[in-house]
Number of protein chains: 2
Amino acid sequence: MLRKLSVVWLLTSVWLVSGCAAAQPAADSAPMLVEKQTFTLPVFTTFGGQKIENVKVGWESYGTLSPAKDNAILITHYFSGTSHAAGRYHPDDAAPGYWDALIGPGKAIDTNKYFVVSADTLVNLNAYDDKVITTGPATINPLTGKPYGLDFPVVTIRDFVNVQKALLESLGITRLHAVVGPSMGSMQALDWAAAYPDWVERVISVIGSGESDAWTTAALEQWTMPIRLDPNWQDGNYTRESAPVAGLAAALALITQHALHPGYFESQGNKLGYQPLEKGPLEDIRTRHTIVDWLFNRAKSRATHMDANHLLYLVRACQLYVAGHQQSLSQGLADVSAKTLFLPASSDLLLMPYLAESAHDTLTDQGVNSELITLHGPLGHLEGVADVQEQASAIQAFLEK
Amino acid sequence: MLRKLSVVWLLTSVWLVSGCAAAQPAADSAPMLVEKQTFTLPVFTTFGGQKIENVKVGWESYGTLSPAKDNAILITHYFSGTSHAAGRYHPDDAAPGYWDALIGPGKAIDTNKYFVVSADTLVNLNAYDDKVITTGPATINPLTGKPYGLDFPVVTIRDFVNVQKALLESLGITRLHAVVGPSMGSMQALDWAAAYPDWVERVISVIGSGESDAWTTAALEQWTMPIRLDPNWQDGNYTRESAPVAGLAAALALITQHALHPGYFESQGNKLGYQPLEKGPLEDIRTRHTIVDWLFNRAKSRATHMDANHLLYLVRACQLYVAGHQQSLSQGLADVSAKTLFLPASSDLLLMPYLAESAHDTLTDQGVNSELITLHGPLGHLEGVADVQEQASAIQAFLEK
């Protein structure tokens, strides 16, 4: 139980990467050391047809590329994640990358066999994290000398894929053994297989979806409202010094709750001695319940290295998502030849399991070799990530098929 | 299906009463005409020990009080509801009260038998609805000549109950055949039975709960954030002319989604021709998806007769709720002698069915005669209200026990 809660604590970072996540013991005694690198594209044309100059994203890799360059696996990160999927930058780092339990020598995604690559997306949420390299509305617009703000073009999941493709091509890679990602990472993984079927042999979609339906698109919009209402937002024209941090923190608190489930709050409430009829909130409308303080104070501390406009752009990319980026999911998935494995979580309130099931059914109907394993447990969206380690052998077997 | 959707359209008003709800055909040819009345308390002492002078609430009744005054049923309204539970003020009203399908001559709550009373709560959300009479932060503080704002004392579900008790006493009533309410109304119904066991013979809790657990208290806080962030809110010091309507509308949009379920959005999306990859949102970050416009425009139009501070006070009343208003639910329910009937909805994302089940189990363990019927269907919290009419015969039988 303690292990499980500690995992959950770490994995609160699925939609909300946390710089202060609890340390997780490494499977090996010697930590895998990794290095952040920078990939630059002098000019990039978005799916919507806009040009962005001097696009930079960070990336890192684990394992060794084979001489035939046929052992590459791409890891695509979640909404608030980064390219730091595994390993440590320094032996004394408090925590390793978010999927360190899955990725490494002898692990399910075995770096003794595979060359594993992970890149920061465009408009990455952690714009002010010194280990993240991204291009988005917080980037200085060379035409004005000020941050792009809302002049930055809308970008899509396909644009994240296309930047990754250019990065892989720069390494001489033309084929992927697999693309694996949780949550927003699953969107990139499936879109990869739809857009570039000759590249992708396998897809693992963890707590994922095939498209954003009406419900999900509306729910994602809710995340943006605290930012839009913050007087510091100024229609996106702000500097880091005058940023809408209160709105951003409120957005993060909403996302955190959306990614969890009552059972986790019950555990946390028990630790805090939660009861509905607390004295402070009864006596003063301005005083919050302890459980509310816990949630919102954590969100506030996480907001410090994130950018509010980047959150709006990530939401838009997710809202526009339909694998294949066509007018329908079945049309978009028509050319997929990769084997697929879906791992939805039954208690997921954010990307509910019907979304993965629908994509799995569409692929199966089209003759694709697709598997689906539903994860059961009380942790909501994060259950998918906590339990995915328990599915390590299924993941390993799928990669060896 | 059309009937069902029309019912849902009407019942979007469960947490969001809508002045423009679709008309619902009356079960009888002659509409039951009702009249709003005012109940005044010169001074009221809150559960928290604060005094409020000149408390006024609106109320209405259906049916006739028996000479023995032993046939009264109290209906307690939901978060955004009002005392208008049934009937019409004028024969040409577009819509009747929200539970008109349940309450009336020959209906499940039969006004040929019962004298049915319903009252506006304190801090009612619809502060500017000319058919609603309430006292709350939007009321003029006699000491300052300005709205109370956050100087209004915190009120609880128990305070709603105590005002209703004073109203009933003014009518000579000292015992209730039943208290029946949906959602926040269920909180009042169960608290009635806990606080005044000698009064209450039966409780029907529809899509209800026994207490606000850590999850629910945190989720309720999310509703308040758009208001707190709206620059017009001014820490609660605003006039109606400069009210935080954008924040209030965003709060209502969040509540609406919380009270529904993906299936309803899918239907609405189909009507709008929803698809993720819409041209407008792809081309401009400022342009919203059609489904988002639909949700937020409806919320905006509903906000016009509501008050933002009242929403904050209603949230606080719900956060402080534990039936019996003791330190634990089992302690609070210890004196209940009423028969209880719980009707949770399996797809409810707002007050999830475990909340009603927990109250039912606690009562059963304490020897109370308690029944629970889970409603199944795809409409979320509102499923409970839509399907409750389908449980009319179970409700009728329970009232006759």
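The values are calculated or read from the model by the stated rules, or taken from the named source; none is laboratory data. Since the structure is predicted, the reported quantities are computational estimates derived from the model, not experimental observations. Virtual Cβ from ideal backbone geometry, glycine too; neighbours counted across all protein chains shown.
Considering only the stretch A:331-348, I want to know if a residue exists there that is assigned to a helix (DSSP H, G or I) and surrounded by 21 or more Cβ atoms within 10 Å (Cβ to Cβ). Yes - at least one qualifying residue is present in the stretch A:331-348.
Using the structure shown, decide if A:VAL14 is surrounded by 14 or more Cβ atoms within 10 Å (Cβ to Cβ), modelled with pLDDT of 50 or more and either within 24 Å of A:TYR89 (Cβ to Cβ) or of a type in the set (Lys, Arg) (or both). In short, no. Away from chain B (no Cβ under 14 Å), surrounded by 16 or more Cβ atoms within 10 Å (Cβ to Cβ) and either more than 19 Å from the chain's Cα centre (by Cα) or at pLDDT below 95 (or both): does that describe A:LYS401? For A:LYS401, the condition - away from chain B (no Cβ under 14 Å), surrounded by 16 or more Cβ atoms within 10 Å (Cβ to Cβ) and either more than 19 Å from the chain's Cα centre (by Cα) or at pLDDT below 95 (or both) - is not met. For B:LEU363, the requirement of being surrounded by 24 or more Cβ atoms within 10 Å (Cβ to Cβ) and out of contact with any helix residue (DSSP H, G or I) (no Cβ under 8 Å at 6 or more places or on another chain) is met. In the set (1) at pLDDT below 95; (2) over 23 Å from A:ASN124 (Cα atoms); (3) in a loop (DSSP other than H, G, I, E, B); (4) not charged (D, E, K, R), A:LEU65 fails one condition alone, (1).
Taking A:TRP199, is it surrounded by fewer than 22 Cβ atoms within 10 Å (Cβ to Cβ), aromatic (Phe, Trp, Tyr) and more than 15 Å from A:HIS310 (Cβ to Cβ)? Considered against the rule, which asks whether it is surrounded by fewer than 22 Cβ atoms within 10 Å (Cβ to Cβ), aromatic (Phe, Trp, Tyr) and more than 15 Å from A:HIS310 (Cβ to Cβ), A:TRP199 comes out as yes. Right, A:PHE79: farther than 18 Å from A:PHE152 by Cα, under 14 Å from the mean Cα position of the chain (by Cα) and either surrounded by fewer than 21 Cβ atoms within 10 Å (Cβ to Cβ) or of a type in the set (Phe, Trp, Tyr) (or both) or not? Spelling it out, A:PHE79 is indeed farther than 18 Å from A:PHE152 by Cα, under 14 Å from the mean Cα position of the chain (by Cα) and either surrounded by fewer than 21 Cβ atoms within 10 Å (Cβ to Cβ) or of a type in the set (Phe, Trp, Tyr) (or both).
Identification of helices (runs of 4 or more DSSP H) wholly contained in the stretch B:239-326 with 2 or more residues that are under 19 Å from the mean Cα position of the chain (by Cα) yields B:245-258, B:290-302, B:308-319.
Just wondering, is there one or more residues in the stretch A:267-282 that are at negative phi, buried (at least 21 other Cβ atoms within 10 Å of the Cβ) and more than 9 Å from chain B (Cβ to nearest Cβ)? No, that holds for no residue.
For the stretch A:284-293, the count of residues that are of a type in the set (A, V, I, L, M), at the interface with chain B (Cβ under 8 Å from one of its Cβ atoms), more than 28 Å from A:VAL155 (Cβ to Cβ) and crowded, with 22+ Cβ neighbours inside 10 Å is at least one. Against the numbered list (1) buried (at least 23 other Cβ atoms within 10 Å of the Cβ); (2) more than 14 Å from every other protein chain (Cβ to nearest Cβ); (3) within 17 Å of B:ILE73 (Cβ to Cβ), B:SER183 comes up short only at (3).
Within the stretch A:253-265, residues that are at the interface with another protein chain (Cβ under 7 Å from one of its Cβ atoms) and under 18 Å from A:SER301 (Cα atoms) reach no partner that is modelled with pLDDT under 95 and in a helix (DSSP H, G or I) with beta carbons closer than 9 Å at six or more positions or on different chains. When each of A:GLU357, A:GLU371 is tested for being in contact with a Phe, Trp or Tyr (Cβ under 9 Å, 6 or more places away or on another chain), surrounded by fewer than 20 Cβ atoms within 10 Å (Cβ to Cβ), away from every other protein chain (no Cβ under 14 Å) and not in a loop (DSSP other than H, G, I, E, B), the lone residue that passes is A:GLU371.
Listed conditions (1) surrounded by fewer than 20 Cβ atoms within 10 Å (Cβ to Cβ); (2) among the hydrophobic types (A, V, I, L, M, F, W, C); (3) part of a strand (DSSP E or B) are all met by A:LEU74, apart from (1).
Would you check if there is a residue in the stretch B:385-396 being charged (D, E, K, R), crowded, with 20+ Cβ neighbours inside 10 Å and without any contact (Cβ under 8 Å) to a residue 60 or more places away in the chain?
Yes: the stretch B:385-396 contains one or more residues that are charged (D, E, K, R), crowded, with 20+ Cβ neighbours inside 10 Å and without any contact (Cβ under 8 Å) to a residue 60 or more places away in the chain.
Name the single residue, out of those in the stretch A:137-157 being more than 11 Å from chain B (Cβ to nearest Cβ) and of a type in the set (Gly, Ala, Ser), that is nearest to A:TRP59 (Cα to Cα). Result: A:ALA138.
Only one of the numbered conditions (1) on the phi > 0 side of the Ramachandran plot; (2) of a type in the set (Val, Ile, Thr); (3) not in a loop (DSSP other than H, G, I, E, B) is not met by A:VAL123, and that is (3).
Which residues, taken from the stretch B:217-242, are at the interface with chain A (Cβ under 8 Å from one of its Cβ atoms) and β-branched (Val, Ile, Thr)? The one that is at the interface with chain A (Cβ under 8 Å from one of its Cβ atoms) and β-branched (Val, Ile, Thr): B:THR217. Among the residues of the stretch A:39-95, those that are of a type in the set (A, V, I, L, M) and out of contact with any Phe, Trp or Tyr (no Cβ under 6 Å at 6 or more places or on another chain) comprise A:LEU41, A:VAL43, A:ALA68, A:LEU74, A:ILE75, A:ALA94, A:ALA95. Yes or no: the stretch A:309-327 includes at least one residue that is touching a Gly at 6+ places or on another chain (Cβ under 6 Å), farther than 14 Å from B:ALA214 by Cα, of a type in the set (A, V, I, L, M, F, W, C) and more than 7 Å from chain B (Cβ to nearest Cβ). The answer is yes; a qualifying residue exists.
Would you be able to say whether some residue in the stretch B:34-42 is modelled with pLDDT of 95 or more and crowded, with 24+ Cβ neighbours inside 10 Å? No: the stretch B:34-42 contains no residue that is modelled with pLDDT of 95 or more and crowded, with 24+ Cβ neighbours inside 10 Å. With respect to the stated conditions, B:ALA250 fails to be on the phi < 0 side of the Ramachandran plot, free of Cβ contacts under 8 Å to residues at least 12 places away in the same chain and in contact with a helix residue (DSSP H, G or I) (Cβ under 8 Å, 6 or more places away or on another chain). Condition test on A:ALA166, is it farther than 30 Å from B:ARG228 by Cβ, within 14 Å of chain B (Cβ to nearest Cβ), surrounded by fewer than 24 Cβ atoms within 10 Å (Cβ to Cβ) and not charged (D, E, K, R)? Considered against the rule, which asks whether it is farther than 30 Å from B:ARG228 by Cβ, within 14 Å of chain B (Cβ to nearest Cβ), surrounded by fewer than 24 Cβ atoms within 10 Å (Cβ to Cβ) and not charged (D, E, K, R), A:ALA166 comes out as no. Among the residues of this structure, B:THR174 does not count as one that is among the β-branched types (Val, Ile, Thr), within 14 Å of another protein chain (Cβ to nearest Cβ), on the phi < 0 side of the Ramachandran plot and surrounded by fewer than 24 Cβ atoms within 10 Å (Cβ to Cβ). Scanning the stretch B:119-129 finds one or more residues that are within 14 Å of chain A (Cβ to nearest Cβ), at pLDDT 95 or above and within 30 Å of A:GLY280 (Cβ to Cβ). Selection within the stretch A:205-216: residues that are closer than 16 Å to A:ALA317 by Cβ and more than 7 Å from every other protein chain (Cβ to nearest Cβ). The member of this set that is surrounded by the fewest Cβ atoms within 10 Å (Cβ to Cβ) is A:THR216. Restricting to the stretch A:294-308, and then to whatever is crowded, with 21+ Cβ neighbours inside 10 Å and in contact with a Phe, Trp or Tyr (Cβ under 9 Å, 6 or more places away or on another chain), can you tell me which residue is nearest to the other protein chains (Cβ to nearest Cβ)? It comes out as A:LEU295.
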